[in-house]
Every structure is written in C-alpha cells, then in structure tokens.
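Heads up: the structure comes next, in structure tokens.
Throughout, read-outs are computed from the coordinates displayed, never taken from laboratory work. Just so it is clear, the structure is predicted and the values come from calculations on it, not from any experiment. Note that each Cβ is placed from the backbone with ideal geometry, even for glycine, and that neighbours are counted across all protein chains shown.
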Amino acid sequence: MSFPVRKFDAVIVGAGGSGLRASLQLAEAGYNVAVLSKVFPTRSHTVAAQGGVGAALGNMGEDSWHWHMYDTVKGSDWLGDQDAIEFMCREAPKSILELEHFGMPFDRNEDGTVYQRPFGGHMQNFGAGPAVQRSCCAADRTGHAMLHTLYQRNVRANANFFVEWMALDLIRDDSGQVVGVTAMEMESGDVFIFHAKAVLFATGGAGRVYASSTNAFINTGDGLGIVSRAGIPLEDMEFWQFHPTGVSGAGVLITEGVRGEGGYLLNKDGERFMERYAPNAKDLASRDVVARAMATEIKEGRGCGEGADHVLLKLDHLGEQLIDSKLPGIREIAKKFANVDPARDPIPVVPTCHYMMGGIPTNYRGEVVAPRGSDMEAVVPGLYAAGECACASVHGANRLGTNSLTDLLVFGKSAGNSTIEFLKENKSHKELPSDAGELTRARLNRLNNQTGGESVSEVGAALRDTMQRTCGVFRFPDLLESGVREIKEVEQRVARTEIKDKSKVFNTARVEALELDNLIEVAMASLVSAEARKESRGAHDRADFAERDDVNWLKHSLWFKEGSKLDYKAVHMEPLTVETIAPKVRTY
Amino acid sequence: MLFKIYRYDPDKDAKPYMQEYDVELQSTDRMLLDALIRIKDGRYVKSS
C-alpha cells in the first residue's frame, strides 16, 4: 500500500522568514503552493530574532552597500562567496522597503524614516570605522514583527498552509530530479506524499545539536537530514556561531543590540575587557571574536559568580527609559531567566550556540548545487533552499549580526523567483518513481518494530553532550578526534532508538525520534568536517593550527552521508560587478 | 514538587483522567517546561 498523494505546483518546507518570503513570491504569482510547518508559522524560530535586519539604507548617516559587502566578507573570514554576498548587500535596501510596504512596524526616526542601530562588525569606509548604524529594527522584536507581516501577506495571497506537518524524506526520480516529499500530519500520524514540480527547503537551523543553545526545540536540521539521506552533501558544517550573550544557565538570547545601544561586557574585576581584545570595535567586534574573548576571560579565572563561569553584560547606564523603549523584551527575559532587572543590575551571560553558517549548498539564486562528474556545482533540478538551512554562502566562517534576517529576505525571494522560472519551463508534474515513499516507510517500520533499543532522550542527550564537549568555541585536536569517534557510536545508537508509545494521534515521541535521525546527520557532518579542517578561520578555532591558512584551506567543505566522506570546492572570490575583496589579516 | 496532569490517549482511554507525578527539581530547572520534560523522559520519583 502506498501513501496517499496530494499535488501542488511547489512545496515549501518550513514557514519561518525565508519560507514565508519564498511562498509569498509563488502565491502572488498565482501558483498552487503548499507550505509545511511543524509549528504555527508565527512560532517559527525567526520569531526569536531580536536586534534587527542589516541594510545600507543610510538613514542615520552615510552608508553604502559596498561597505556592507566589505564587512560581510571580512566577517566571513573570506570564506563567504563574494558573488552571493554582493547580491545580498545590493538587494538588502530594496527588501527592507518591500517589507515596509507589506506593513512591517519598524521603529522610526523623527523624520519618519526607519530607525537603524549599530551592530557588531558593521563599519564605515571598508572596515576603517567608525561603527555604522545599519540594523533596521522593531524594538528588540524584529523577527516577531517580520513573521507576522509575512504571514499575513501569505494569507492574503492564498498560500496553502499545512500546520503541524513534518516533512520526512525527499523523492527524486531516476534522473535525480526532485518530484516531491513525504510528510506526516502530526495530529493523525498519517503520512502523505506531496507530489510537486519543485521543492524548496526553508527549515532553518539545527542548534539543538548542542546541549546549550539559543535555538528553539524545533531547530533540528530537518532539511539537512532529508537532503543528506537523498545523496546531497552538506557544506561548511564545521562553522557554528556561538552568540556572546546567552543568559547563563538558561541559554536564552540577549541581543547584540544591547551592545549596539551602548551596553558592554565586564569580567569579575569590573574591567571592560573587550578593550584589550578589539581596541577599535571593542564590544561591537565580530561575534566569534567576542565569544572567544569571553571564553578566554572565564578560562583564565576572571569569570563571575560562584562558579566563575560567566561574565556580566552591563546596560543600567542606558537608563530605564531607553531600555523600555528600545529593549523591552530584554528586560523581560533578564527578569524571567536570570532574576535580575537590567535597569539596575548586569545580566550574567555566556557564549551559547546560536547559528549554523553551513548548510545545504546553494548558489545566489537559491538553487541547490551538488557535485556531478567534474562539475562541483551542478544544479539539482527542482530543488531550492533559502535561509539558515542553506549555505549560499554569505556567512562563510562567521556571520555578522543582522545578516541572518537580510539573508532570509533576499534569498527567500530569490529562491522563490528561481522556482517560478523553473515552473514556467516545467508545466507538468514528472511521474513519481515506483519506489516513492519507500525510504519513509522503512524508517517508520523500523521505529515501530524496534525492540531492545534505547530511548530517544538518552541517545539525544549523548549527541548533544558530545557536540558541546568536543566541538565548542575553542577546538582541540584530541577532543575533535574523540568527538568523531563518539559521534559515530551515537550514530549506531540512533539507528536503534525505541519508542514505547506507538499511538498515532499527536505522538510527540515519534516526532522526536524522527528529528533525531536529522540531528545525527548534522552532528556527524559538523564533527567530521571540523576534525579535518587544519586551520583557524572565523568560528573554527583550533589550538594546534592557530592561524588562517589561505594556501591550503581557502575552500568550502562538503560532507557526504554515504561513507561519511569529505570533498572540497572553491570559494567564489569573484563578485558579480565589483572587484574582489582580497584576503587580509582580520582585526577589529 | 507534585504535578497533577490531565491525560488522555484517544486510542486507549474512554475519557480523560488526572495523573500525579512527584518530581525532584534541580536548580537548573527554570521553567514549567523543564519539569514537563523531566516527566516525559521518565525522570520522576513516582507517579500515581
């Protein structure tokens, strides 16, 4: 018996910022588009984005997309593809104006223009400084406002939402063309085939591979697991961003906008230590730089609190009025999760896993690309990806704050437009292969019939613990080697997880087991790629190879699930219309 | 801490019922969600 089939022009997996931006393009163009989401769209993790979206509007002083491009390339430690970065920075101002016309409630200046705040790594004059105010924001709830705006526009355009549906596997025909996905309706436990002319992944990040993360429980890298099971590699998975300011012990994010508005970090001696690590940018250096400085302070015994395990983020000097108007959500989070009122006392913070720079390899048009023959970047027909799950790559080895929202707006739209082009040339559905859905059936049968296996929560805890211990802010050769060994053992255990509750209706145990199948692919890709990269670049900082090595390592990693093999491809150093920004030493 | 949870499995139960769980909370548990995850993972002292 095969699964029931539903037909759409296009299926979008994920209804966060990039999924909603892409589906809006398709729905407004009149296509029959299905959007699948594990949670109600406005609860997608984009909702947690606080500080703003980067675009060189120049509302607060002089700015240009060329400067934004320079900052992004430098922030990426030259691992970002310069064609994609140029495309993003040039399109960014346009995407903000579009969003404004969609009804996004941005903060305003006196003259009515969109308010922009300073953010880490964003400078004037090609990195020379001083800091530029480039982050367009709606208080400290920018992502929240953005999701609601985009969702309402989608409802208006008649996009079809499948809420609380989980995509399970990709369906490709004999030629490799993507013709659909399988997905489970959580309420009933029933599985369907979504037969489509094109599939677009917008499944967000996978921060839940770490024990301590700012990410929501839903961020399990579903798109990454799905494509790696379908033979598509994952790119640059060794690069994980640790956000400097997660609430100590709780992991909840405190926006970099706090430092943008004038807050700063202190060690136990009350010293503003960032002045030592980044004399120019200080607390507004790139995130990898600030996170390493904090970890060093803690390691050398200058951490705060009983366990000397965190530093302090001071913002009381900004005044209660500014905090309540520009950072109201932060005050609420600090009270709830750290039991301090930041208008009076500093917030205990610690670097916390926040963002996945790597992902599904795409070009700047949002088309998924994978090696075929001698072509390292052959387009996979019918498959698109955008947002955090994709690796275009604009963030390279380290993402600048505000560029995640810029990424999802620009590439959500670009991937949507590429899908439309593909649909114009491919007017009818290609036939489903005879074995469509078999992989999903095999996985579900395995899970239902497993005996003598371990619980999902036990194996999941081992996975998160391995990543946290062996693949953190600082990386050591012995830890990376044992990390690879340990995660391969965890992989064996994931293949034998057992659920006691086999019921169909809203069975979250089954959902979590299926999510673990995706998390393990992400963790394997991360550790294997990290162990192999013998240099320090951006967020990947090795004790045994302390310097960036452009001779041997100015290249993207590609991890393949089959045999857990690695390959490499060149970084795009040629932008679209401007000159290459040549690698140089990165200081702030 | 004692939790009373409203339970219902439409496959098995004729109607919903209350179940009690005695949970030992840790200092790292900040939210109700942390307690619910403990219960779901079976990390409680006893249930009745």
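Assorted remarks:
- Computed log₁₀ I(q)/I(0) - Debye formula, equal Cα scatterers, no solvent, the range A:470-580, q 0.17, 0.18 Å⁻¹: -0.89, -0.95
- Relative contact order of chain A, taken over Cα pairs closer than 8 Å and 6 or more residues apart, is 22 percent.
- Close amide H pairs (under 5 Å, H built 1.01 Å from N) link A:Asp169 with A:Thr182, residues at least 5 positions away or on another chain.
- Seen from a random direction on average, the alpha-carbon convex hull of the range A:1-120 projects onto 10.7 square nanometres.
- Rounded to 5, the percent of DSSP beta bridges in the range A:209-367 classed as antiparallel: 95
- Separation of alpha-carbon centers, the range A:270-292 and the range A:163-190, rounded to whole Å: 45
- 0 to 90° range, to nearest 10: angle between helix A:142-156 axis and chain A longest Cα axis: 40
- Entries of A:Lys38/A:Lys424; A:Lys38/A:Lys561; A:Lys326/A:Lys555; A:Lys38/A:Lys427; A:Lys7/B:Lys40; A:Lys38/A:Lys502 with Cα pairs more than 31 Å apart: A:Lys326/A:Lys555; A:Lys7/B:Lys40
- Förster radius 56 Å - calculated FRET efficiency between B:Val45 and A:Asn158, Cβ distance, rounded to 0.05: 0.60
- A viscosity of 1.567 mPa s and a temperature of 4 °C, combined with the Kirkwood radius over C-alpha pairs in the Stokes-Einstein formula, give the range A:108-156 a diffusion coefficient of 102 µm²/s.
- The residues neighbouring A:Arg272, those whose beta-carbon lies less than 14 Å from its own, together hold a net charge of +1 under the Lys/Arg +1, Asp/Glu -1 convention.
- Quarter of Cα convex hull surface for the range A:30-75, i.e. mean projection, nm²: 6.3
- For chain A, the share of DSSP beta bridges that are antiparallel, to the nearest 5, is 70%.
- Reachable aspartates and glutamates, given that their alpha-carbon falls under 16 Å from the alpha-carbon of B:Lys4 and they are not under 8 places away in the same chain: B:Glu20, B:Asp22, B:Glu24, B:Asp34
- Mean sequence separation of contacting Cα pairs (under 8 Å, at least six apart), scaled by the length of the range A:139-249, corresponds to a relative contact order of 17 percent.
- Relative pair counts by distance (%), Cα atoms of chain A, 20 Å bins: 22, 58, 20, 0
- Each Lys and Arg adds +1 at its Cβ and each Asp and Glu adds -1 at its Cβ; summed about the Cα centre, chain A shows a dipole of about 660 debye.
- Distances between placed amide hydrogens fall under 5 Å for A:Arg134 paired with A:Arg117, A:Phe119, all partners being 5 or more residues away or on another chain.
- Of the residues A:Phe87, A:Gly52, A:Phe119, the one whose Cα sits farthest toward the positive end of the charge dipole of the range A:1-150, with +1 on the Cβ of Lys and Arg and -1 on the Cβ of Asp and Glu, is A:Gly52.
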